[in-house]
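Down below is the structure, laid out as structure tokens.
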Amino acid sequence: MELEKPETPQEISENLIHFIARSPSVFHGIRGIKAALLYSGFTEIREEDPWHIEKGGKYVVTRNGSALMAFTVPEEGARSFHIIASHCDSPTFKIKENPEMKKGPYVTLNVEGYGGMIMSTWLDRPLSVAGRLITKEKGHLAEKLVAVDGTMLVIPSVAIHMDRNVNHKKDWNIQTDLAPLYGMADGKASFMDVVAASAGVRKEDILAHDLYLYSRVPGTLWGEDKEFISSPKLDDLQCAFAAFRGFVAGKKEKAISLYALFDNEEVGSGTAIGAGSTFLSNVLMRLSLSLGYSYDETMAMIAGSFMISADNAHSLHPNHEEYADPVNRPVINKGIVIKYNAQQRYATDALSAAYFKNLCEEIHIPTQTFTNRSDNPGGSTLGNISNTKVAMPTVDIGLPQLAMHSSYETAGTLDTAYLAAAAAKFFD
């Protein structure tokens, strides 16, 4: 019998592109991950029901359809948690209520910004809409996911002949500059008509919606040796995907292994589905108590646990080395990035960094270090925020990428495979 060949880094990255294409909104991404877990034998549980967790069991729970946690319990029980957390939201535009705006002969859509995006990268791109609808069905509320297939919108730029400053320092006003063009004022089908038809519901049954723009530019592998991957949403679906692959592949025999996907990281995580919510703490407490551990034993387990916060990192830029720290400057395809920050925007300290470095060294996975320039405060991520709710040793890591928060980002094919392997080792 011929043994199955292991996936190459290119094959893993091709699967990442496929996953991103099937995740035009955070709701679709969570649904896809949950479906994969259920197919592999996980049992779905709900926060609204009592939990009956058993040793040897595998479980998945979601909140709001946009955050997810999956965990496994060893047959012999466990005295600690191993956790990898990522986020599944990305900067984009959200469709407002009453979206249509008639401007002379045209119809544009009323949108607002979600997260800190590079706005110019959304112009002159094929766009469409995805998210969820809340509808009325037989006297009850129902959730319907929708992703309008085909290019539906474009945000047209102004010709250089009319805006001579377009290539100079440009201030973008979302309300006036970035309204997507939907159609002509005398068109037959309204925007919500098209959305309703795509979802297979009646427009009059739609009570509310969470709809977002998504780029229809497909992901691709490129470079002389296909060493680069460019795609929408690499921050943070690259880490989410790689961590998931490692979670599934790991043996998960000693600790309670938990894979977490949060929402709303790009707007600060301070929501019911973000890293600053009760979601993680509730899951840990409920599963521990259901296994028969006391509150005191649970607190001891948490203190002896470890979390990897995986959110993409900045690579050294080929045209602008001046933005990087003089010596801590990660490069694409050179390994997993460990993030440090004296102001505690990252949770990494000497102990958690050493733990992760040692783990990677055991399987010959390279690591790099990232710090911001001392005159640039940078951003924060999941680790330090989640630790305000559930305190445990935590390392903040990521995969190096270019053009973070662009509608089309670039990273390395090797790095996805590096994190998948490190996550599998962690969950061993």
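Points to keep in mind about this one:
- The numbered conditions (1) surrounded by 22 or more Cβ atoms within 10 Å (Cβ to Cβ); (2) of a type in the set (S, T, Y); (3) in a strand (DSSP E or B) are all true for T108 except (1).
- Among residues that are within 30 Å of H405 (Cβ to Cβ) and either among the acidic types (D, E) or not assigned by TED's automatic domain parsing to the domain that holds L237 (or both), D296 is not included.
- Hits in region 276-296 - residues which are among the hydrophobic types (A, V, I, L, M, F, W, C), in contact with a Lys or Arg (Cβ under 8 Å, 6 or more places away or on another chain) and under 30 Å from R345 (Cβ atoms): F279, L280
- Residues located in region 67-93, provided they are buried (at least 24 other Cβ atoms within 10 Å of the Cβ) and assigned to a loop (DSSP other than H, G, I, E, B): C88, D89, S90
- Criterion violated by A130 - all others in (1) farther than 21 Å from S25 by Cβ; (2) surrounded by 14 or more Cβ atoms within 10 Å (Cβ to Cβ); (3) among the small types (G, A, S) satisfied: (1)
- Of the criteria (1) assigned to a loop (DSSP other than H, G, I, E, B); (2) surrounded by fewer than 18 Cβ atoms within 10 Å (Cβ to Cβ), which one K425 fails: (1)
- Checklist (1) under 30 Å from T271 (Cα atoms); (2) of a type outside the set (A, V, I, L, M); (3) crowded, with 19+ Cβ neighbours inside 10 Å applied to S290, failing item: (3)
- Residue within region 371-387 that is among the aliphatic types (A, V, I, L, M), in contact with a strand residue (DSSP E or B) (Cβ under 6 Å, 6 or more places away or on another chain) and crowded, with 21+ Cβ neighbours inside 10 Å present: yes
Condition check ((1) assigned by TED's automatic domain parsing to the domain that holds I20; (2) more than 25 Å from A422 (Cβ to Cβ); (3) of a type in the set (S, T, Y); (4) touching a Leu at 6+ places or on another chain (Cβ under 8 Å)) across all residues:
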{"site": "I53", "(1), (2), (3), (4)": "yes, yes, no, yes"}
{"site": "R63", "(1), (2), (3), (4)": "yes, yes, no, no"}
{"site": "S66", "(1), (2), (3), (4)": "yes, yes, yes, no"}
{"site": "S86", "(1), (2), (3), (4)": "yes, no, yes, yes"}
{"site": "E100", "(1), (2), (3), (4)": "no, yes, no, yes"}
{"site": "E112", "(1), (2), (3), (4)": "no, yes, no, no"}
{"site": "G115", "(1), (2), (3), (4)": "no, yes, no, no"}
{"site": "L123", "(1), (2), (3), (4)": "no, yes, no, yes"}
{"site": "S128", "(1), (2), (3), (4)": "no, yes, yes, yes"}
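- Only residues that are within 13 Å of the chain's Cα centre (by Cα) and either farther than 24 Å from S40 by Cα or polar (S, T, N, Q) (or both) were counted in region 232-262, giving 5.
- Residue match in region 342-354 (condition: under 26 Å from L221 (Cα atoms) and of a type outside the set (S, T, Y)): no
- Test: H52 is touching a residue at least 40 places away in the same chain (Cβ under 8 Å), out of contact with any Pro (no Cβ under 8 Å at 6 or more places or on another chain) and exposed (fewer than 13 other Cβ atoms within 10 Å of the Cβ): yes
The values are calculated or read from the model by the stated rules, or taken from the named source; none is laboratory data. Predicted model, so just to flag it, every value in this text is computed and none were measured. A quick note on method: Cβ atoms are made from the backbone with ideal geometry, for glycine too, and the neighbour counts reach across all protein chains shown.
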